[in-house]
Every structure is written in C-alpha cells, then in structure tokens.
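The structure appears right after this line, and notes come after that.
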Amino acid sequence: MDLIRIRNVEKKYKNGVTAIYDLNLAIEKGSFVFVIGGSGSGKSTLIKMLYREEKPTKGQVIVGGLDVAKLKNKKVYKLRRKLGIVFQDYRLLPKQTVFENVAFALECIGERRDIIRTKVLKALEDVGLKNKVHEYPDNLSGGEQQRVAIARAIVNDPKLLLCDEPTGNLDPEKSMEIMKVLESINKMRGTTIIMATHDKEIVNKMKKQVITLKDGHLVKFKQKGTYVE
Amino acid sequence: MKPFRMLGRSIRDAVKSVIRNFSLSLASISCITITLIIVAVAIIASLNVQNFTEAIEKDMTIVVFVDNDSDEDDVKEIEKEIKKISNVEKYTYQSKQDVKAKMQEESEVFNTVLNNWNDEESPLKDTFQVKVKKIKRIKQTAEKIEKIDNVAIVRYGEGMVDKMVSAFSSVEKVTYGIVIALVLVTIFLIVNTIKLTISARKREIKIMRLVGASNITIKLPFIIEGMILGLFGSIVPVLIVTYGYLAFYKHFDGYLYSKLVQLIKPEPFIYQVSLVVIGIGILVGMVGSARAVRKYLKI
Ligand SMILES: Nc1ncnc2c1ncn2[C@@H]1O[C@H](COP(=O)(O)OP(=O)(O)O)[C@@H](O)[C@H]1O
Ligand SMILES: [Mg+2]
C-alpha cells in the first residue's frame with residue numbers, strides 16, 4: 001500500500017523559480033526514505049508540499065488518501081494531525097518544560113489530560129528522554145532538544161514523520177543518535193519516515209531508500225541507496 | 001467534553017496575555033471605559049427623554065374656545081364637526097360655568113375676581129378639550145377646528161414639545177458622533193493590543209499549525225482576550241450607571257424641573273442599562289480582536 005503518491009507535480013514559486021519539475025513518486029507505508037541533493041535542489045519544497053505548507057502548481061500530491069493540493073486552508077489541520085514534522089532548528093517553546101512542549105501538540109487538538117500524560121511519557125521514553133521530563137529546552141544539548149522535537153512529532157501516533165535536515169545542526173556523533181531514534185520509531189511504531197538531508201555519511205551508513213533530486217528533477221529512486229552526486 | 005476543554009484552555013491563555021501585556025491592555029480597557037461611560041449616559045438620557053416626551057404628548061390637549069354669542073345649538077354643531085375629524089381621539093366639553101367653578105376652586109384670587117362678573121361680562125368662554133391620536137398632526141387638526149363656525153380661538157402646545165424634542169435630538173446626534181468616534185478609537189486600540197499578543201506568540205502559533213490545531217482553536221484565545229478587555233472596560237461604567245443613576249434619581253426625587261418631566265424608575269432600569277453596557281463592551285472587544293486576528297493571523 002502506498003502512503004504517498006505524487007503525480008506529475010511541478011512547483012513554481014511566485015518569484016518565477018521552479019523548485020520541482022514533473023515529479024512522479026510512490027512511497028510505501030512503513031518505509032524509511034532519504035531525500036538527498038545539493039542545496040537548492042528542492043528537498044525542502046518536496047517536504048513542504050507533503051504537509052501542505054506549499055501547494056503544487058501542477059499535478060497531484062496524495063498523502064494517506066488526502067489530495068493535499070485540493071485541501072482547503074481550513075482543513076489543513078486534518079492532514080497535519082496525521083503526520084509529524086521535525087526541522088533543523090527544533091522549534092521548541094523555551095518557556096515550557098520538555099513535558100509541556102510535547103504535551104502542547106496534544107493540548108492543541110483537545111486531547112484528554114490523562115491520555116496526554118500517558119502518550120507524552122511514552123513518546124519521551126521512545127526518544128530516550130524520560131529522565132529529562134521537567135527540564136527546560138535551554139538546559140539540554142542540541143541532540144536532546146531535537147529528540148524532544150521528535151517526541152512532539154510522534155506523540156499523536158502519526159502514520160508519517162517528515163524530517164527536514166534534522167541533523168543539520170548536530171555533530172556526527174549526535175547525528176547518529178538521532179538516526180538511531182528515527183530508525184527505532186520506524187521499526188517499533190511502523191511510522192513511515194521521509195528525511196531530507198545532504199549528509200552523505202548518514203545516508204551511506206543507514207542503507208535506506210534514497211530519492212535523489214538535482215535542480216528540481218528526480219534523478220534516482222533506489223532501494224538501499226547510497227549518496228551519489 | 002472536548003469543546004469545554006478547548007474553551008478552558010483559550011480562556012486561560014487569554015487571561016495570561018492580558019496580564020502579560022498589562023500596559024497596553026490597560027490602555028484598551030481605559031478607552032473602552034470612557035466610551036462606555038459616554039454610551040451609558042447617552043442611553044440613560046435618551047431613554048428618559050423618550051419617556052417624558054411620551055408622557056407630555058399623552059397630556060397634550062387642544063383647547064377650543066367657543067364664540068361668546070353662540071347658543072346651545074351652535075355648540076352642538078361644533079361638537080358634531082369636531083367628532084368628524086379623524087385625528088380626534090376624544091374630547092370633553094366645559095361650559096363657562098364649569099370653567100369658572102374649577103378656577104374658583106383652584107385659587108382664592110380667582111374666586112374673588114370671578115365673583116364680580118356675571119355670565120354676560122365674563123371673559124371666560126365655553127370650551128372643548130380635544131385629545132388627538134397622532135401628536136405629529138396636532139397642528140393640522142387645530143387648523144381644521146379653527147375653521148369651524150362659531151369657534152373663537154384654538155390653543156395647543158404650539159410646538160413646545162416639538163422644540164424640546166428637536167433640541168434633545170440634536171444633542172443626541174452630537175453624542176452619537178462622539179460615541180462612534182470613541183468606538184473607532186477603541187477598536188483601533190484593541191486591534192493593536194491583540195496584534196502585540198499575536199506577535200508575542202508567533203512561535204507558538206506556528207507550532208500549533210504544524211501539530212494540527214484547527215483555525216478556531218488558534219483564533220479563540222485572541223477573540224476571548226478581546227472580550228475580556230471589553231468586559232473589564234465595562235466594570236466602571238456599570239458602577240457609574242448603577243450608583244450614579246440611583247443618586248441622581250434620589251436627589252431630584254424622580255422629577256426634573258416639574259412634575260411633568262418624570263424620570264424612569266431606577267429598578268429594573270439600571271440593570272437593563274448595565275446589561276446593555278456590558279454587551280456593548282464585549283461586542284466592541286470582540287470586533288476589535290476579530291479584526292486583528294483576520295489581519296495578522298492570516299487564517
Ligand atoms: N518561498 C520561496 N520562494 C521562492 N523561491 C523559493 C522559496 N523556497 C525555495 N525557493 C527556491 O526553490 C529552490 C529549491 O529550494 P529548496 O526546496 O529550499 O531546496 P533545498 O531544501 O534542497 O535546499 C531554490 O532555488 C530556492 O531558492
Ligand atoms: Mg532545505
């Protein structure tokens with residue numbers, strides 16, 4: 001079963017730059033996919049179209065049965081509840097504790113207090129931060145902050161986890177920690193993971209599916225791929 | 001249960017940010033307070049004016065004086081003609097003897113003066129007291145009666161009420177102008193207060209969008225914040241309305257200038273006005289915050 005289907009998609013920004021040309025893709029449920037390519041190759045644009053931050057100018061983007069391009073602004077939240085998103089810059093709330101940051105995602109959608117507590121603790125356990133529940137983000141290392149962000153992204157049990165350069169601010173060692181966390185989420189929870197990165201080392205070590213973009217064109221889509229320019 | 005949870009959260013957030021942006025909130029609240037005081041005074045004044053102009057209008061009579069040399073048949077003829085006029089609600093007849101008796105009863109001075117006259121010399125006349133249905137047409141009705149044979153003079157309020165009503169209405173217009181200007185300034189201030197709150201919570205709002213908060217969930221705290229500003233702004237005006245009007249009413253004993261100008265009884269009047277004032281306050285707050293949300297939240 002395909003979780004994501006992309007057909008004849010083009011993305012042209014208002015300033016005239018075309019970030020994606022005629023893209024066709026299908027991604028299976030439960031897979032772990034890297035999106036690689038140099039800076040400006042269109043990785044972030046592809047990710048943004050998947051969570052409907054950007055709309056394709058042509059073609060169809062279907063995520064979990066929802067036609068993203070046709071989704072009205074008012075209904076975008078329905079898509080967002082089915083996926084988790086992680087960024088390079090963590091995007092945590094500095095005045096809230098680790099627990100509160102993760103709980104925030106569930107409070108926003110009106111979850112019950114007791115369910116919030118259980119789910120948040122489970123998510124924090126999954127990313128290995130159960131002992132930092134009451135810390136504030138500023139007292140954590142970059143790698144730990146990113147794990148909080150991952151916990152927040154998976155706390156609502158999404159089918160899909162989108163990561164845009166999640167290791168971009170981290171040293172190789174911390175980056176590998178993050179990759180281990182992502183791999184275990186993929187295995188244990190069955191979450192489909194799509195991760196944009198330009199980190200060769202990671203891609204080559206992980207041996208996952210690889211989508212290679214170059215100047216907005218799909219160059220390759222390989223199972224167990226490696227990073228090739 | 002879920003809507004209640006979300007509402008609880010929104011109210012909590014709203015109260016927090018009223019406190020966080022205290023100085024700007026206070027500016028908005030003060031502006032709402034001033035506006036509402038003027039609105040309240042305007043409401044109280046105009047309702048009272050309406051109340052006693054109605055009372056005066058009910059009291060308005062056309063007095064028809066019959067020619068001195070007319071006989072009983074002539075009077076009957078006049079009565080018939082008055083009856084025909086459609087705007088006439090009812091009328092009563094007083095002969096000059098009735099008038100004389102009434103006047104003598106009223107004052108000692110009249111009594112002695114009037115006793116010196118016999119019926120022939122008396123300056124008093126037979127009269128009809130006519131009440132009309134539509135006070136606006138009282139002039140035309142009076143003119144019609146004047147044309148009837150053997151009618152000497154016709155007297156009525158002669159625009160006294162008209163003048164009063166038009167004086168009040170021009171005062172009212174000026175007040176409305178001030179109120180509208182103040183409401184606009186208030187809305188502007190509220191828009192800016194909420195704008196500040198929104199920008200202070202930009203990061204949070206961004207995350208809310210990412211994790212799938214619905215638009216209403218994102219908007220609600222800001223709308224509620226505006227409503228809270230409106231509610232706080234109506235506290236002082238309500239106190240002024242309640243205690244101010246009570247004191248005013250007591251001081252004048254329920255009447256202004258004369259028994260004719262009767263004030264509206266404080267209860268339940270002050271409570272109704274207070275509710276209206278609170279309602280307007282909350283509404284103004286809501287309009288301001290809704291504008292800010294539409295303009296700066298872009299959802
Ligand atoms: N919001 C935008 N408006 C205009 N052009 C953009 C915007 N976002 C990205 N681009 C352009 O689209 C191309 C692809 O960008 P992006 O998807 O961010 O690439 P990557 O993430 O691979 O570095 C670049 O040329 C970039 O300048
Ligand atoms: Mg990018």
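Laboratory data are not the source of any read-out in this text; all were calculated from the coordinates shown. It should be emphasised that the depicted structure is a prediction, and the values quoted were computed from it without experimental measurement. Cβ atoms come from the backbone with ideal geometry, glycine included; neighbour counts cover every protein chain shown.
For a protection proxy built on the mean count of beta-carbon atoms within 10 angstrom, sort A:143-149, A:28-34 highest first, please.
Values: A:143-149: 24.0, A:28-34: 17.7.
Averaged packing, sorted descending, gives the order A:143-149, A:28-34.
On a full-extension model of 0.36 nm per residue, what is the gain between B:Ala167 and B:Phe22, subtracting their alpha-carbon distance, rounded to one decimal in nm? Numbers along the way, then the final one.
On the way: separation 145, 0.36 × 145 = 52.20 nm, distance 4.27 nm.
Length gained, B:Ala167 through B:Phe22: 47.9 nm.
Run through the DSSP bridge list for chain A and note the antiparallel percent, rounded to the nearest 5.
On the way: 19 of 38 bridges.
Of the beta bridges lying entirely in chain A, close to 50 percent run antiparallel.
With each label point set 7 Å from Cα along the Cα-Cβ vector, what nm distance links B:Ile85 and A:Lys58?
In this crude spin-label approximation the distance works out to 8.6 nm.
Given Cα positions, please report Rg to Rh for region B:61-155, the hydrodynamic radius being the Kirkwood one. It would help to have the intermediate numbers written out before the result.
On the way: Rg = 14.2 Å, Rh = 14.0 Å.
Here the Rg-to-Rh quotient is 1.01.
Pairs of Cα atoms under 8 Å, at least six residues apart: use those to get the relative contact order of region B:61-155, whole percent. Present the calculation step by step, with values, prior to reporting the outcome.
Numbers: 122 pairs, mean separation 51.5, N = 95.
Relative contact order for region B:61-155 comes out at 54 percent.
Highest first, please rank the peptides A:15-22, B:22-29 by the mean number of other Cβ atoms sitting within 10 Å of their residues.
Descending packing order for the listed peptides: B:22-29, A:15-22.
Angle between the Cα long axis of helix B:72-84 and the longest principal axis of chain B, 0 to 90 degrees, nearest 10?
Roughly 20 degrees between the two axes.
For region B:171-206, list residues with backbone N below 17 Å from a point placed 7 Å from the Cα of B:Ile34 toward its Cβ?
B:175-193
Using the alpha carbon gyration tensor of region A:1-120, what are the three equivalent-ellipsoid semi-axes (square root of 5 times each eigenvalue), largest first, in whole Å? The partial results should precede the final answer.
Details: eigenvalues 173, 58, 42 Å².
Ellipsoid half-lengths, sorted descending, are 29, 17, 14 Å.
Divide by every residue of the protein assembly as shown the summed helix terms, -39500 (n - 2.57) for each DSSP H run of at least 4, and state the resulting mean residue ellipticity at 222 nm, rounded to the nearest 500 deg cm²/dmol. Show your work: numbers first, answer last.
Working: 19 runs with 285 residues, N = 528.
Calculated at 222 nm, the ellipticity per residue is -17500 deg cm²/dmol.
Kindly list the residues of region A:1-19 that lie in the label zone of A:Asp67, defined by a backbone N under 11 Å from the point 7 Å along the Cα-to-C-beta vector.
The answer is none.
For chain A, build the convex hull from the C-alpha positions and give me its volume per residue in Å³.
Numbers: hull volume 28.5 nm³, N = 229.
For chain A, the hull spanned by Cα atoms encloses 124 Å³ per residue.
Under 8 Å for C-alpha pairs, at least 6 residues apart: give me the relative contact order for chain B, rounded to a whole percent.
Values: 343 pairs, mean separation 95.5, N = 299.
The normalised contact order for chain B reaches 32 percent.
Cross-link candidates for A:Lys207: which aspartates and glutamates have Cα within less than 15 Å, leaving aside residues fewer than 8 places away along the same chain?
Filter leaves A:Glu183, A:Asp199.
What is the helix-to-structure angle for A:98-107, meaning the angle in degrees between its Cα long axis and the longest Cα principal axis of chain A, kept from 0 to 90 and rounded to the nearest 10?
60
Using a 7 Å offset from the Cα along the Cα-to-Cβ direction at both B:Val113 and A:Glu135, what is the distance between the two label points in nm, to one decimal?
10.4
Explain nothing, just the number: dipole magnitude of region A:91-157 about its Cα centre with +1 on each Lys and Arg Cβ and -1 on each Asp and Glu Cβ, in debye rounded to the nearest 20. All intermediate terms of the calculation are to be shown ahead of the outcome.
Numbers: 11 positive and 10 negative charges, 11 e Å.
In total the dipole reaches around 60 debye.
Given 20 Å bins starting at zero, what is the percent of C-alpha pairs of the protein assembly as shown in each, up to the one with the largest pair distance?
Percent of Cα pairs in each bin: 17, 31, 19, 15, 11, 6, 1.
How large is the dipole of region B:49-188 about the Cα centre if only Lys and Arg carry +1 and Asp and Glu carry -1, each at its Cβ, rounded to the nearest 20 debye? Don't jump to the answer; show the numbers that get you there.
Numbers: 21 positive and 27 negative charges, 234 e Å.
In total the dipole reaches around 1120 debye.
Using only C-alpha positions, report the orientation-averaged shadow area of the convex hull of chain B, nm², one decimal.
22.8
Can you tell me the orientation of helix B:22-59 relative to chain B, as the angle in degrees between its alpha-carbon axis and the longest Cα principal axis, to the nearest 10?
20
Tally Lys and Arg at +1 and Asp and Glu at -1 over the other residues with C-beta under 11 Å from the C-beta of A:Lys58: what net charge comes out?
On the way: positive: A:Arg7, A:Lys11, A:Lys12, A:Lys55; negative: A:Glu10, A:Asp22.
Cβ neighbours under 11 Å give a net charge of +2.
Can you pull a Stokes-Einstein diffusion coefficient for region A:113-229 at 10 °C (1.306 mPa s), Rh from Kirkwood over Cα pairs, as a whole number of µm²/s? Display every interim value, and only then the final one.
On the way: Rh = 15.3 Å.
Rounded, D is 104 µm²/s.
Cβ neighbours within 10 Å, averaged per peptide: list B:146-152, B:286-292 in order, most packed at the top. It would help to have the intermediate numbers written out before the result.
Values: B:146-152: 14.6, B:286-292: 22.0.
Ranking, from highest mean packing down: B:286-292, B:146-152.
Averaged across A:103-111, how many Cβ atoms of other chains sit within 10 Å of each residue's Cβ atom? It would help to have the intermediate numbers written out before the result.
On the way: counts 0, 5, 6, 1, 7, 13, 8, 11, 2.
Mean shielding by partner chains, rounded to a whole number: 6.
Kindly provide the Kirkwood hydrodynamic radius of region A:91-157 in Å, to one decimal, from all pairs of distinct alpha carbon atoms. Each step should come with its number before you reach the end.
Values: mean 1/r = 0.0878 Å⁻¹.
Radius from the Kirkwood sum: 11.4 Å.
In the structure shown, do any of A:Lys75/A:Lys187; B:Lys202/B:Lys298; A:Lys14/B:Lys202; A:Lys78/B:Lys16; A:Lys29/A:Lys220; B:Lys80/B:Lys134 have a Cα-Cα gap over 22 Å, and if so which? Don't skip to the end; give the middle numbers.
On the way: A:Lys75/A:Lys187 30 Å; B:Lys202/B:Lys298 12 Å; A:Lys14/B:Lys202 24 Å; A:Lys78/B:Lys16 28 Å; A:Lys29/A:Lys220 20 Å; B:Lys80/B:Lys134 20 Å.
Long pairs (Cα-Cα over 22 Å): A:Lys75/A:Lys187; A:Lys14/B:Lys202; A:Lys78/B:Lys16.
Once you sort the root eigenvalues of the Cα gyration tensor of region B:1-144 as a ≥ b ≥ c, which label holds: rounded (a/c under 1.5), prolate (a/b larger than b/c) or oblate (the other case)? Kindly include the intermediate steps, with their values, before the conclusion.
Details: a/c = 5.39, a/b = 3.17, b/c = 1.70.
Prolate, because a/c is 1.5 or more and a/b exceeds b/c.
Points 7 angstrom from Cα along the Cβ direction at B:Asp98 and A:Asn204: gap in nanometres?
Modelled inter-label distance: 12.1 nm.
What does the average come to when, for each residue of peptide A:81-89, you count the partner chain Cβ atoms lying within 10 Å of its Cβ?
Numbers: counts 4, 1, 3, 3, 3, 1, 1, 0, 0.
Mean partner shielding for this stretch: 2.
Given R₀ = 30 Å, what would the calculated FRET efficiency be for A:Lys12 paired with B:Lys206, taking r from the Cβ atoms and rounding to 0.05?
Details: r = 25 Å, r/R0 = 0.83.
About 0.75, to the nearest 0.05.
Can you find, among B:Asn68, B:Thr197, B:Leu24, the residue farthest towards the positive end of the dipole of chain B? Put +1 on the C-beta of Lys and Arg, -1 on that of Asp and Glu.
The residue sitting most towards the positive pole is B:Thr197.
If you add up the charges near A:Gly142, with Lys and Arg at +1 and Asp and Glu at -1, over every other residue whose beta carbon is less than 9 angstrom from its beta carbon, what do you get?
Net local charge, A:Gly142 excluded: -1.
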